[in-house]
Structure formats: structure tokens, C-alpha cells
Amino acid sequence: MQGPVHIPQDKTRSPPQARPFFPSLSGYRVDVLHRDVIAGVTLAAIAIPEQMATAHLGGFPPEIGFFAFIAGSLAFAVFGVSRFLSAGADSTITPIFTGGLVLLAATGTAEYAGMAAIVALIVGIILIGGGLCRLGWIADLLSGPVITGFLAGVSIHVIVSQLPGLLGISITGEHVVRRLAGVLTGLDRTNLHALALGLGVLVFTIASDRITPRIPGALIGILAATACVLGFGLEHRGVAVLGPVTGGLPSVIVPATTPDQLIHLVPLALIVSIIVMVQTAATTRSFPSDPGETPDVNRDFIGIGVGNILAGLCGAFPVNASPPRTAIVQETGGRSQMAGLMAAALVLGLVTFGSGLLFHVPQAALAGILIFIAFRIFRIRDMVEIYHRTFTEFILVIVTMVAIVALPIETGVAVGIVLSLLHGMWSAMHARLIEFVHVPGTSIWWAPNTDLRGETLPGVVVIAFQAPLSFLNANDFRRGLQDALERRPKTPDLVVLEAGNIIALDYTASKVVAAIIRHCQAAGIAFAVARLESVRAQEAFSRFGITDILGRDHLFHSVDEAVRTLAPAGANNSRPVSRG
């Protein structure tokens with residue numbers, strides 16, 4: 001009889017231990033410094049208008065956006081592992097935390113700014129804790145369709161919020177529907193000069209991005225729009241500009257708060273933290289420092305977390321990883337976080353010595369840049385693909401998008417997370433038990449399909465379950481096996497469970513499996529398990545006593561081995577029954 005199966009432990013290679021500080025500079029060579037300088041200058045050219053626009057989106061002065069970028073870049077260079085990741089103000093999370101803050105304080109007030117800084121501090125603490133506790137799996141809480149719907153909803157928020165600035169009109173109301181209604185009723189007050197500037201920047205930025213993302217189209221557009229304001233005196237024709245920008249170095253500020261504020265800010269910060277984790281993990285995995293190494297997502301959580309704490313202490317707002325800026329660093333030849341430090345130094349020089357240059361920047365130009373960013377995160381191609389491939393998950397996209405738009409945005413994000421988890425539970429609950437067939441002329445047993453005309457052996461039933469076994473689907477597993485047995489004209493002699501996809505087993509499922517094995521044994525049916533490859537599943541079989549009930553001599557490396565060992569005499573030599 002077959003002895004116990006000893007499957008080797010998984011030995012997934014862990015990333016090498018990074019040094020405590022400036023890990024991306026480990027083994028740095030001076031001969032690549034020029035690449036980081038070029039990448040840093042390009043990154044600064046992209047980041048300057050983007051950080052101003054994101055600050056404008058949140059209702060903050062431009063210098064606050066610059067402080068957020070400097071804090072995120074410096075902290076991540078010191079603590080993060082990724083060589084390319086760019087951290088700073090981000091238009092994905094800005095509507096989320098500002099949507100919660102406007103319910104507590106008026107935009108532009110000291111209280112509003114203070115609470116934004118507190119949110120950044122809390123987000124930083126959560127991310128550092130998540131990194132230290134190795135909670136990188138939290139980034140997988142949101143499914144692809146839910147993320148697509150979330151980004152679509154955020155992009156709608158951004159576009160609607162910037163339409164007044166693009167049109168050069170002033171409206172009231174924070175909710176997206178009221179704001180859109182205000183825009184429609186105020187179209188007759190459109191300032192054509194502002195509209196021309198905003199559309200010009202938008203079109204030029206889109207065209208530059210289509211040619212190559214390396215062209216700083218947003219910066220060029222901002223400079224051209226500012227030149228038009230100065231050259232044609234457009235301020236006197238109703239075009240709104242930034243006005244005075246406070247320069248100087250950022251100062252350390254410890255924002256004050258109250259218990260009542262924390263009750264509202266902690267849940268908001270938790271939602272922002274989940275989004276930051278998702279985007280940071282996606283960025284780290286999409287732009288690996290070394291394709292031969294596993295990205296250290298948890299260490300990068302710590303880098304972004306420290307960036308948030310530093311941003312909060314500078315009086316700024318939460319920061320996030322930026323996939324587009326990260327792509328710029330990689331595409332322009334950056335080799336380390338030296339590029340991010342170079343960009344941060346250039347931005348610091350601008351805010352310290354050149355803040356007066358920003359006085360005449362038109363707000364319509366910033367609106368054009370934000371609308372461009374919104375277009376970029378509205379993943380229409382992904383939505384079309386999801387629609388054609390899985391209509392059920394397309395419904396998730398639409399429901400999440402509508403929730404983000406119709407509800408308070410932080411509530412919409414929470415709805416998206418819940419929908420993602422419910423969809424995962426639904427998928428697990430609807431896993432099916434499949435009866436395998438033998439591939440003629442081979443030792444392979446496989447799931448039947450239209451391309452495979454398989455065969456069965458008399459008295460032998462081979463089944464498989466395409467998911468981890470848990471309380472969610474244990475009864476479906478029981479019913480599936482019962483149906484498979486009832487379809488046979490006579491009671492089989494052998495049942496083989498192909499367990500390759502059963503990677504885990506919980507207490508409820510263990511009771512069901514044990515009861516099934518005992519029932520088969522009492523009915524004179526031999527029961528075997530093949531390909532129990534998962535270490536977790538092996539441990540669960542042992543811990544819950546299933547291995548003892550089954551017998552170690554009924555665990556096999558393959559279905560064919562189990563059938564050859566346990567099938568009744570003559571079954572293997574019998575004429576197979578053909579099945580489609």
C-alpha cells in the first residue's frame with residue numbers, strides 16, 4: 001500500500017534584507033548619478049504643476065502640495081525599498097479625505113488644515129504598523145472591478161469639482177450632483193478667456209502625454225497660460241489667478257485635536273490607509289527594482305507611512321504612491337531614490353526662492369491639469385473589457401462608481417470594500433465540485449470540457465473542488481459529492497478526491513470532510529485523497545484528525561497512483577466508459 005505523502009515545504013524566496021536607511025542606495029555607483037539627475041529634473045517638471053493642482057483640488061494653498069511632495073519623497077528615500085516609487089500629493093485620495101473634512105470644517109480654514117494634517121499622521125501610523133506587522137495582504141481587499149469603479153467615481157468627482165474653475169465661474173455646494181447642477185445653471189456666466197486657457201492646457205497635456213510621458217506637458221502648459229495672463233492682462237478680464245503664495249521652508253507643527261474630532265477622523269484615515277496600501281502595493285509590484293527579486297511591499301508601506309507622518313508634521317495632508325510619476329522615473333533612466341531627492345530639492349528651491357513666480361498662474365490652467373489626471377484614472381478600456389468578459393463583475397464596477405458619486409465619498413469607498421469582500425465570499429460559496437475523467441492513453445485525470453473526450457473507469461469516481469474548503473462552501477461540497485454518487489447506476493468501489501486546489505480547510509469544512517470519509521467507509525467505499533499539495537491543507541488534515549480517519553496509506557501523489565493502488569481488481573483493465 002502507498003505510504004504517507006511527504007510534500008516539501010514552500011520555499012518562496014524572500015527579498016534580501018535591506019539596510020535600515022536609504023536602502024535604494026545600497027551598492028550605488030557614481031557613474032549612474034547622471035541618470036538620476038535627468039530623472040529627477042523630469043520628475044520635478046511633472047510634479048510641480050501636479051502638486052499645485054492636487055493642493056488646489058483639496059482646497060489648500062499651492063505650497064502645501066509642495067510640502068507634501070517634499071515630505072513624501074524624503075521619507076520614502078530614507079525608509080522605502082523601491083528604487084523608482086514617487087510619493088507625494090495624489091488626486092486619488094485627496095477627494096476622499098477632503099470629502100470627509102468638509103463635513104467637519106469649512107475649506108480653507110485653519111481647523112480644516114489642522115484636521116488634514118491629523119489624518120496624515122493617523123494614516124502614517126496605520127501604514128507603519130501595517131508594514132511592521134507584514135499586512136501587505138490588505139492591499140488585496142479590493143478586487144480589480146471594484147478598483148476600476150472606485151477610480152471612475154473619483155474621476156467624476158474631480159472633473160465636476162474642476163468645471164467651475166475651468167469655466168471661470170463661482171458656485172456653491174460640495175456634493176457632486178449639486179455642484180454639477182450649479183455648473184449647468186451658470187453656463188451663461190462662463191469666462192471665455194478662462195475656458196480657453198483651461199482647455200488649451202488640457203489639450204496640450206493630453207497631446208504631450210500621447211507623444212511621450214517624458215514631455216512635461218503640464219508644466220509647459222502652465223508656463224504658457226501664465227504668459228498669456230501677463231501678456232494680455234487677463235486678470236483684468238475676470239481670469240482668476242493663484243495670487244500670493246507663501247514661500248519659505250516648511251516648519252514642524254504638531255496639530256492639536258479633540259476626542260470628538262478623532263471619532264470622525266480615525267475611520268476616515270482608515271479608509272484612506274486602505275487605498276494608499278492598495279496603490280502602493282500596485283505601484284511597487286508594477287515597477288520592480290529588480291525583476292529577479294520579490295518586491296518588499298511591507299517595507300514600502302513603512303516608507304509611505306513615514307512620509308505621511310512627516311507631511312502631517314509639516315502641516316500638509318496625506319501622501320500616496322503615484323504610478324504615473326513612478327513610471328516617469330523608470331522611463332527616464334532613474335536608478336535609485338536619488339532621483340526623488342533631486343526632484344524634492346528642486347521643488348524646495350521653488351517654494352523657498354521662487355514662490356513669487358506662481359502669483360499669476362491661472363486657476364483654469366490647474367483645472368485643466370486635474371481634468372487630465374481624472375481622464376487618465378478613468379479606465380474606460382478596463383470597463384469595456386470587464387463588460388465583455390464578465391457581466392457580473394461589470395455590475396460591481398457600476399455599483400461602486402455610483403456609490404462613490406452619490407454617497408459621501410468615504411462611504412462610497414467603504415461600500416466598494418464591502419462589495420469586494422462579498423464578491424469574494426460569493427465566488428467561494430459558488431465553487432463547484434467537478435467529476436474528473438481519464439485522458440485516454442495517459443495517466444492524467446482532468447476536468448471534462450468540449451475539447452476533451454475523456455473516459456471513466458467502472459466503480460471509480462474522481463472528484464475535485466475548485467476552491468479552499470470553508471464554512472462558506474462545505475455543504476456545497478457535500479451535496480456535489482452526493483450528486484456524483486447518485487449519478488452512478490451502482491455504488492462505486494473507490495472515491496478519489498483530487499485536492500490540488502484545496503489550499504486551506506477550516507473547522508466546519510473539516511467536520512464535513514470527516515463525515516463524508518466515515519460515510520464512505522461505512523458503505524464499503526474506499527476513499528483516497530490525491531495531490532494534497534498545500535502545506536496549510538496538510539496541516540489542517542493532521543490538526544483536525546482527517547489524516548487519522550482517512551489513513552496515511554490513502555494519501556497519494558497523483559490520482560493515477562491512487563486508482564492503480566486502490567481500484568478493485570480488474571477495474572484498471574476493464575473497458576473504460578467513454579464520456580464527452
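The values are calculated or read from the model by the stated rules, or taken from the named source; none is laboratory data. All values derive from a computational prediction rather than experimental measurement. Backbone-built Cβ (ideal geometry, glycine too); neighbour counts: all protein chains shown.
Annotations
- Any chance LEU566 is of a type in the set (A, V, I, L, M) and buried (at least 22 other Cβ atoms within 10 Å of the Cβ): no
- Boolean, ASP300 is touching a residue at least 24 places away in the same chain (Cβ under 8 Å), acidic (Asp, Glu) and part of a helix (DSSP H, G or I): yes
- Taking (1) more than 27 Å from SER322 (Cα to Cα); (2) under 31 Å from the mean Cα position of the chain (by Cα); (3) not in a helix (DSSP H, G or I) in turn, ILE263 satisfies each apart from (3).
- A single member of LEU197, LEU151 is in contact with a Gly (Cβ under 9 Å, 6 or more places away or on another chain), touching a residue at least 24 places away in the same chain (Cβ under 8 Å) and within 27 Å of ALA364 (Cβ to Cβ), and it is LEU197.
- When each of ALA509, ALA464 is tested for being under 16 Å from ALA428 (Cα atoms), assigned to a helix (DSSP H, G or I) and among the hydrophobic types (A, V, I, L, M, F, W, C), the lone residue that passes is ALA509.
- Options ALA514, ALA504, ALA467, ALA499; residue that is touching a strand residue (DSSP E or B) at 6+ places or on another chain (Cβ under 6 Å), in the same structural domain as THR456 (by TED's automatic domain parsing) and among the aliphatic types (A, V, I, L, M): ALA499
- When the stretch 477-495 is filtered for residues that are part of a helix (DSSP H, G or I) and touching a strand residue (DSSP E or B) at 6+ places or on another chain (Cβ under 7 Å), the ones remaining, listed by number, are PHE477, GLY480, LEU481, ALA484, LEU485.
- Flag if THR352 is assigned by TED's automatic domain parsing to the domain that holds ALA224, among the hydroxyl-bearing types (Ser, Thr, Tyr) and touching a helix residue (DSSP H, G or I) at 6+ places or on another chain (Cβ under 8 Å): no
- The conditions of being part of a loop (DSSP other than H, G, I, E, B), crowded, with 24+ Cβ neighbours inside 10 Å and assigned by TED's automatic domain parsing to the domain that holds ARG376 are not met by SER289.
- Search result, residues across the stretch 292-303 that are surrounded by 15 or more Cβ atoms within 10 Å (Cβ to Cβ) and of a type in the set (Asp, Glu): ASP296, ASP300
- Residue within the stretch 24-32 that is at pLDDT below 90, of a type in the set (S, T, N, Q) and either over 21 Å from ASP300 (Cα atoms) or buried (at least 23 other Cβ atoms within 10 Å of the Cβ) (or both) present: yes
- Residue list for the stretch 389-431, restricted to those being within 29 Å of LEU469 (Cα to Cα) and not in a helix (DSSP H, G or I): THR390, HIS430, ALA431
- Flag for THR284 being among the β-branched types (Val, Ile, Thr) and either surrounded by fewer than 20 Cβ atoms within 10 Å (Cβ to Cβ) or within 22 Å of ALA45 (Cα to Cα) (or both): no
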